[in-house]
Amino acid sequence: MANITRFDPFNELTRFDPFRDMNDFFPGFMLRPVVRDVAGPPQIKLDVAEEDKAYTVKAEIPGVKKEDIQVSIEGNQVSISAEIKHEKEEEEGKKLLRSERYYGQQCRSFSLAHDIDQAKAEAEYRDGVLHLTLPKKNGGGGAKKIAVK
């Protein structure tokens, strides 16, 4: 017996990423190094672990001051936002050759399986990594922002 599969002629077009496969379409033009030098805004990367009584979260937010980080908890919803300021200047002698700046805000929100005990939640930022300890709670509550140490 034969398997019947549905053919979608536009399937390959929806998965097309022009920057990933640029060298395949234009070999010899060397577009990859040019695209690699363009720095986009940094992303907050998360590691979330669950234990019996609490969640632990590690969020990578390099190059940010702890005063620019905000953590908000509402029930089982956790939001992390950071104001990112990046300036880079390259000078040779007295003539400025290149100057790059990026100012913006990054946010990550995620939901957990259990509500968080906001009164016992802790946040600490060191070496570019935000460490959150989020104890589980049975009841509900309002929104609360916690201070980053």
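The values are calculated or read from the model by the stated rules, or taken from the named source; none is laboratory data. Keep in mind that what you see is a predicted model, and the values were worked out from it rather than measured. Glycine gets a Cβ as well: all are built from the backbone with ideal geometry, and neighbour counts include every protein chain shown.
The set of residues from region 55-85 being in contact with a Pro (Cβ under 8 Å, 6 or more places away or on another chain) and free of Cβ contacts under 8 Å to residues at least 60 places away in the same chain comprises just one member, Ile84. Determine whether region 31-42 contains at least one residue that is at pLDDT below 90 and touching a strand residue (DSSP E or B) at 6+ places or on another chain (Cβ under 7 Å). Yes, the conditions are met somewhere in region 31-42. Screening Ser111 on (1) of a type outside the set (A, V, I, L, M); (2) within 23 Å of Glu67 (Cα to Cα); (3) modelled with pLDDT of 90 or more shows it passes everything except condition (2).
Could you say which residue among Glu90, Glu124 is at pLDDT below 90 and in contact with a Lys or Arg (Cβ under 6 Å, 6 or more places away or on another chain)? So the residue among Glu90, Glu124 that is at pLDDT below 90 and in contact with a Lys or Arg (Cβ under 6 Å, 6 or more places away or on another chain) is Glu90. Note on region 45-60: residues that are among the aliphatic types (A, V, I, L, M), exposed (fewer than 13 other Cβ atoms within 10 Å of the Cβ) and under 15 Å from Arg108 (Cα atoms) amount to 0. Of the candidates Gly104, Gly63, the single residue that is at pLDDT below 90, under 15 Å from Leu130 (Cα atoms), surrounded by fewer than 16 Cβ atoms within 10 Å (Cβ to Cβ) and under 15 Å from the mean Cα position of the chain (by Cα) is Gly63.
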